[in-house]
Amino acid sequence: MKSSRILIAGGAGFLGSHLADRFLTDGFAVIAVDNLSTGSKRNIAHLQNNDKFTFVEADITDTLPSEITDQTFDIILNMASPASPPHYQRLSLETLHVGSQGTFNMLELARQNKARLFHASTSEVYGDPDIHPQPESYKGSVNCYGPRAMYDEAKRYAEALIYAYRDRYPEVSTCIGRFFNTYGPRMDADDGRVVSNFIVQALQNKSLTIYGDGSQTRSFCYVSDLVEAIVRLINSEESGPINLGNPGEFTMLELAQKVTDLTKSTSDLTYLPLPGDDPTQRQPDISRAKSILNWEPSIDLDRGLKETIEYFKTVGK
Ligand code: UDP
């Protein structure tokens with residue numbers, strides 16, 4: 001029997017590579033496409049001898065290569081984008097381009113293949129929210145001129161594009177998940193995110209860098225919980241947008257304390273200026289995910305941090 005085939009745009013990224021693992025386990029043939037601007041072959045090295053896995057180095061904003069257009073797909077995951085503030089700021093135009101042209105190309109491919117398209121959106125569509133926690137109905141508080149604009153507006157544009165596309169081509173099946181902060185093994189040690197920064201710093205007994213006074217909050221979802229939510233959303237009839245995240249909310253000072261304790265580190269704290277437009281609070285309202293997908297996260301922050309710390313110990317950072 002021919003197995004179902006899935007295309008993962010951004011398949012060499014942190015999330016994309018975990019999704020590749022999951023869909024291979026579930027019996028799919030997986031094609032990962034990535035331009036490696038922030039993804040890494042390291043994340044998929046363990047799959048190189050798997051004959052159901054193919055890696056294509058290409059940019060989804062360009063004309064797609066024949067390794068992709070010669071295939072047929074049942075599912076397309078649009079995961080491709082720089083995602084951490086330092087990377088999307090460095091790759092500002094590329095981030096806008098992949099959110100717009102890249103998403104359009106994935107929609108066209110989904111239409112040609114009669115595939116279901118999953119799009120990775122983000123809590124950043126809510127900006128610095130003045131409603132807490134954030135339900136999907138909240139329209140957001142976003143600065144289109146600020147230092148996060150290239151990412152926030154790329155993701156907002158991508159959602160608008162998908163809504164318009166659905167209107168024009170109702171036969172194309174699409175769904176949108178809005179991810180809140182996600183962490184776990186294969187995070188890039190150098191991508192500047194708070195979880196990876198703190199763990200790497202703590203393991204080296206270097207000062208943990210707190211931006212601002214550390215009172216800002218985030219809600220951290222362990223990667224396997226998010227993967228399960230994505231699979232359930234794809235397998236449902238739901239089109240979204242639907243929040244996918246862990247509602248447990250922590251200040252950056254609380255996170256620093258947990259990381260220091262779990263690593264038994266002697267690190268102290270260094271306070272650095274808060275970057276512009278850094279959201280002061282963030283917590284997903286996951287009522288819809290609970291009722292529609294029968295999903296909620298199962299891994300708490302302590303357990304997820306332990307797994308992530310073990311990963312960073314083995315990669316030697
Ligand atoms: N942050 C911090 N120290 C760091 C890196 C980040 O205090 O070394 C803060 C950052 O200012 C933000 C929060 O941690 O308030 C989460 O940052 P991250 O870049 O991980 O995610 P995002 O801001 O996109 O949610």
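General remarks:
- Scanning region 65-106 for residues that are surrounded by fewer than 19 Cβ atoms within 10 Å (Cβ to Cβ), touching a helix residue (DSSP H, G or I) at 6+ places or on another chain (Cβ under 9 Å) and not in a helix (DSSP H, G or I) returns Q71, T72, D74, L91.
- Cβ-Cβ distances below 6 Å connect the following pairs, each with a first residue in region 178-194 that is under 10 Å from L15 (Cα atoms), a second residue that is assigned to a loop (DSSP other than H, G, I, E, B) and more than 8 Å from the ligand (Cβ to nearest atom), and a separation of six or more residues or different chains: Y183/F220.
- Taken across region 8-21, residues that are closer than 25 Å to Y183 by Cβ and surrounded by fewer than 18 Cβ atoms within 10 Å (Cβ to Cβ) do not occur at all.
- Residue count for region 282-317, restricted to those that are part of a helix (DSSP H, G or I) and out of contact with any strand residue (DSSP E or B) (no Cβ under 9 Å at 6 or more places or on another chain): 10
- The residues in region 159-217 that are within 30 Å of N113 (Cα to Cα), more than 10 Å from the ligand (Cβ to nearest atom) and either part of a loop (DSSP other than H, G, I, E, B) or not hydroxyl-bearing (S, T, Y) (or both) can be counted, and the count is 18.
- Residue selected from region 116-152 under the condition over 16 Å from the mean Cα position of the chain (by Cα) and of a type in the set (D, E), by the criterion farthest from T280 (Cα to Cα): E136
- For first residues located in region 6-34 and closer than 15 Å to D225 by Cα, partners that are acidic (D, E) and in a strand (DSSP E or B) and lie 6+ apart or on another chain with Cβ distances below 9 Å form the pairs G16/D34.
- Residues satisfying the stated conditions in region 107-155, i.e. in a loop (DSSP other than H, G, I, E, B), within 15 Å of the ligand (Cβ to nearest atom) and in contact with a Phe, Trp or Tyr (Cβ under 6 Å, 6 or more places away or on another chain): G140
- Residue match in region 177-191 (condition: under 16 Å from P275 (Cβ atoms), at pLDDT below 95 and surrounded by fewer than 22 Cβ atoms within 10 Å (Cβ to Cβ)): yes
- When region 222-264 is filtered for residues that are part of a loop (DSSP other than H, G, I, E, B) and buried (at least 19 other Cβ atoms within 10 Å of the Cβ), the ones remaining, listed by number, are G240, P241, G245, N246.
The values are calculated or read from the model by the stated rules, or taken from the named source; none is laboratory data. What you see is a predicted model, and the numbers here were worked out from it, not measured in a lab. All Cβ positions, even for glycine, are placed from backbone atoms using ideal geometry, and neighbour counts span all protein chains on display.
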